[in-house]
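Where a number appears in this text, it was derived from the coordinates with a stated rule and is not lab data. As the structure is a prediction and not an experimental result, all values here were calculated from the model. Counting neighbours? That spans all protein chains shown, and the Cβs are built from the backbone with ideal geometry, glycine included.
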Ligand SMILES: Cc1cc2nc3c(=O)[nH]c(=O)nc-3n(C[C@H](O)[C@H](O)[C@H](O)COP(=O)(O)OP(=O)(O)OC[C@H]3O[C@@H](n4cnc5c(N)ncnc54)[C@H](O)[C@@H]3O)c2cc1C
């Protein structure tokens, strides 16, 4: 008789892992707190694009979903570094033709959900806020707009992200130790809009970096020609988000340290005012499993984004397990 698994969280890792399980013959029920982003529009956080590298592709290829992802992915063959005086230097990411890839977070998440749902043995349940009752029994419960429910499963996979409620429940019963280290830097996202006819105002097939010792700005390309920019910056101190407390102050700072990027953001002050500063943290936990419950992805090993490895290592969890 085939086994029955629950996957809690249909983010990047949960959606991919569901396909792995389905192809191994499991019946899979996926419980996701949010509504279906394919119908409601993606609300999965503000980071619009991510860098996908070989360890991620290997997992996507193993279950035949790489092509669906590649259709919307942009190769970034090299790193383009912008000095304060506007000088540009470059570094290739590998041999000729090798690249890391810019993928839309919402786009890849929706593609992975659609691929998972193609399997007759998969059911996705949206608006199901889910938590753990009993790790030994594999029992979980959920709350929906229509009421509450619960069920027992042969295996429960916790892919509910860096704030995992299941990880916290396991810790509460003494089954797991975990730490969250909130670092001194936060991040804010900005956008360089596309040029005319969806052209890119800076080299398109590249990852752009404005390195400035203790902080940096990066830019990844989007299919519509725009670039999503992320400023990683100290939260407090003389040079910090706290110090740049008005859009005008931020604009003066950018004019000095990121002048070429600022010139490409005509609505910089509006973006600065609207886009929040988000925290960055590292989650470490051990062990990764208890009874019938296994933690995957950010739920067990969230990592700061500078390495571009959070999603990639979560996909590797799927490949290795
Ligand atoms: C600014 C930034 C840039 C990044 N850049 C990169 C990059 O370039 N490359 C890279 O590899 N990684 C990058 N990352 C990391 C990457 O985003 C994460 O590692 C990845 O999203 C983790 O996937 P996940 O499925 O484990 O968690 P998530 O994507 O967070 O998904 C968790 C899912 O669980 C659901 N959920 C939560 N609680 C419940 C509940 N109680 N019940 C039901 N469902 C629930 C959520 O709604 C969500 O859908 C970046 C992260 C940030 C913040």
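Could you state, as a whole-number percent, how many of the C-alpha pairs of the range 46-123 are farther apart than 20 Å?
Of the Cα pairs, 44 percent sit more than 20 Å apart.
Ignoring everything except DSSP H segments at least 4 long, calculate the 222 nm mean residue ellipticity for the chain; use -39,500 (n - 2.57) per segment, divide by total residues, nearest 500. Intermediate results must be reported in sequence, preceding the final value.
Values: 11 runs with 88 residues, N = 321.
Per the formula, -7500 deg cm²/dmol.
Could you calculate the FRET efficiency of residue 120 with residue 70 from 1/(1 + (r/R0)^6), where r is the beta carbon distance between them and R0 is 30 Å, rounded to 0.05?
Result of the calculation: an efficiency of 0.75.
Full-extension gain between residue 83 and residue 131, please, as 0.36 nm times their residue separation minus the C-alpha to C-alpha distance.
This chain segment gains 12.5 nm when fully extended.
Ranked highest first by the average count of other Cβ atoms within 10 Å around their residues, in what order do 49-59, 234-244, 85-95 fall?
49-59, 234-244, 85-95
In nm, to one decimal, how far is the modelled label at residue 307 from the one at residue 286, with both set 7 Å along Cα→Cβ?
Once both label points are built, they end up 1.5 nm from each other.
Average the reciprocal distances over every distinct pair of alpha-carbons in the chain, invert the result, and give the Kirkwood radius in Å.
The answer is 20.9 Å.
What distance in nm separates the simple spin-label points at residue 275 and residue 205, each placed 7 Å from Cα in the Cβ direction?
Spacing of the two 7 Å Cα→Cβ label points: 2.6 nm.
Using only alpha carbon pairs under 8 Å that are at least six residues apart, calculate the relative contact order of the chain and give it in whole percent.
Numbers: 673 pairs, mean separation 75.8, N = 321.
It comes to 24 percent, rounded to a whole number.
Over the alpha-carbon set of the range 181-279, work out the extent along each principal axis and list the three values in angstrom, largest first.
41, 29, 22
Work out, step by step, the length gained on full extension between residue 55 and residue 179: first 0.36 nm times the residue separation, then minus their alpha carbon distance; give nm to one decimal.
Working: separation 124, 0.36 × 124 = 44.64 nm, distance 2.54 nm.
Extra length from residue 55 to residue 179 when fully extended: 42.1 nm.
Rank these for me by crowding, 152, 318, going from fewest to most other beta carbons within 10 Å.
Placing the least packed residue first, the sequence is 152, 318.
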